[in-house]
Amino acid sequence: DLATALNDRGQVRYLRVEFAAAVQDFTAAIECQPGFEVPYYNRGLVRYRLGDFDDAMKDFRTVLELNPQFEDAALSLKQAILDKEEKEKRGY
């Protein structure tokens, strides 16, 4: 379906380090199918990698609301929280 195709294209763009385009694809997939947790997770990974910890944490939390058993999202959320705290400690 369209949401899966958009998510898959976002994955390809992520691997090509085309982060803005990947975020657009993941967001489009979410808009097509708001209950599909995978694009939220993938968008969260891109946002995390860009240092946008707040939005990454929102995406990971949404994944866990949709699927509480999504272990990678739980681990990613914990890591984003730790990295945000570390960034704040260092003052940047």
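Where a number appears in this text, it was derived from the coordinates with a stated rule and is not lab data. Quantities reported herein were computed from a predicted structural model and do not represent experimental measurements. Neighbour counts run over all protein chains shown; Cβ positions are idealised from the backbone, glycine included.
Distance between the modelled labels on D8 and E31, one decimal in nanometres: 2.1 nm (7 Å Cα→Cβ projection).
Across the range 31-48, rounded Karplus estimates of 3J(HN,Hα) from the backbone phi angles (6.51 cos²θ - 1.76 cosθ + 1.60, θ = phi - 60°) give 5, 5, 9, x, x, 8, 6, 4, x, 4, 4, 5, 5, x, 4, 5, 4, 4 Hz, Gly and Pro being marked x. The trypsin sites (Lys or Arg not before Pro) of the range 7-42 meeting both criteria, a DSSP state outside H, G, I, E and B (loop) and at most 16 other C-beta atoms within 10 angstrom of the site's C-beta, are R16. When only the Cβ of Lys, Arg, Asp and Glu is charged (+1, +1, -1, -1), the dipole of the range 2-90 relative to its Cα centre reaches about 240 debye. The C-alpha atoms of the chain occupy a region whose extents along the principal axes are 44, 29, 17 Å, arranged from largest to smallest.
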